[in-house]
Amino acid sequence: MKFHIYPTDRRWFEFLAAQSEIDEVNFWRPGGKARFTRLESGELLIFRLRGSDKIAGGGVFLHTSLFPLNAAWEAFGIKNGVPDYLSFSDGLPSLKDSSLRRQCPLIRKSAASF
């Protein structure tokens, strides 16, 4: 099985790991200029905590889309890794424009957190 390791924000990961009722997550990154092109549906995405060598978990990649900030929140809600829209929009303090696009690859939360 092919897999990819991506640096992951610890707060994003810990928030989502605590959400037992969700079965998929939105692994987003700011900018929205390009899609995750190295990933194909069904491949494993491994989460490495940013600033460390610790592998924290992973999931199965489903697909990627580009969404305006508000549409990403409407589509995924807490699956974005934060409890509310304000936390989501303030995730990048220097970028307040609600038309910002965030890249939104959807990950099936099927792999264990470790």
Next item on the list: Could you please find all residues in region 83-98 being acidic (Asp, Glu) and at pLDDT 85 or above?
Entry: ASP84
Notebook entry, point to check: Restricting attention to region 63-80, does a residue exist that is at pLDDT below 85, of a type in the set (D, E, K, R) and exposed (fewer than 12 other Cβ atoms within 10 Å of the Cβ)?
Noted result: no
Margin query: Restricting to region 64-83, name every residue that is of a type in the set (Val, Ile, Thr) and not in a helix (DSSP H, G or I).
Written below: THR64, VAL82
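When the residues of region 44-56 are filtered to those that are more than 11 Å from ASP9 (Cα to Cα) and more than 15 Å from the chain's Cα centre (by Cα), which remaining residue is surrounded by the fewest Cβ atoms within 10 Å (Cβ to Cβ)?
ASP53
The values are calculated or read from the model by the stated rules, or taken from the named source; none is laboratory data. Note that the structure is a prediction, hence the values are computed from the model and not measured. As a convention, Cβ positions derive from the backbone with ideal geometry for all residues, glycine included, and neighbour counts pool all protein chains shown.
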